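Read the structure below first, then the notes.
Rule-based calculations on the coordinates, nothing more; no lab input. None of the values given here were measured: they were computed from a predicted structure. Because the Cβ atoms are built from the backbone with ideal geometry, glycine has one as well, and the counts that use them run over all protein chains shown.
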Amino acid sequence: MNPQCSRCNKIVYPTEKVNCLDKYWHKGCFSCEVCKMTLNMKNYKGFDKKPYCSQHYPKTSFTSVADTPENLRLMQQSKVQSQVLYKEEFEKNKGKGFSAVADTPEMQRIKKTQDQISNIKYHEEFEKSRMGGEAHPFDNNAAYQPSSPQKGNYEPQPPRSAAAPPASGGGKRYRAVYDYVAADEDEVSFADGDVILDVQQIDEGWMFGRVERTGQQGMLPANYVEAI
């Protein structure tokens, strides 16, 4: 049974049939919906299953949305949500669930400790590469202290009791500006802020003095203290 033409609703015979846009047309009825110009399979444009010429083909128009405060707020909120979802998906892909970590005092302390350990390891590696051998381990404040000067020609006579320290009472007063841990038996340890009494200059880099807080006395690096 022959189909009907989609334009004139008359019978379409095979010799004059055009099959296009899921419909059947007479060759003369296959024309533009607007200007009625006769079309063919090479120059037609279909829209909503209707043929159009290039000039009258419907053009899609976009609706502009005003940038009201409410629309701007919704746009910003959508952007934030997209970033959160992206980060959550990224964390899941790494094999870990996404969880927000509160910046508590404990977390700040742990972070600070990790930073100090990283600084200590960095300085150890630097000293090894510079000295060409093993460097002495640093304490927690080593990253912020100047390096101790090398001792000059001053060599106390062993045992320690045989090396007579300078007479007390005639030296100057100094205050420690860094923590220092004694590396040899003839040195003295002190903390930042300690007062050093009876200080006597030994050479350009070393002094001899007594720590007021502990009562211990011995050699100390000159660049770790300042005069009061």
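Descriptive notes on the structure:
- Estimated inter-spin distance, Tyr57 and Asp184, nm [label 7 Å along Cα→Cβ]: 9.3
- Extension gain (nm, one decimal) between Asn223 and Glu89, 0.36 nm per residue minus Cα-Cα: 42.9 nm
- Computed from label points 7 Å out along Cα-Cβ, the spacing between Met1 and Thr214 is 11.2 nm.
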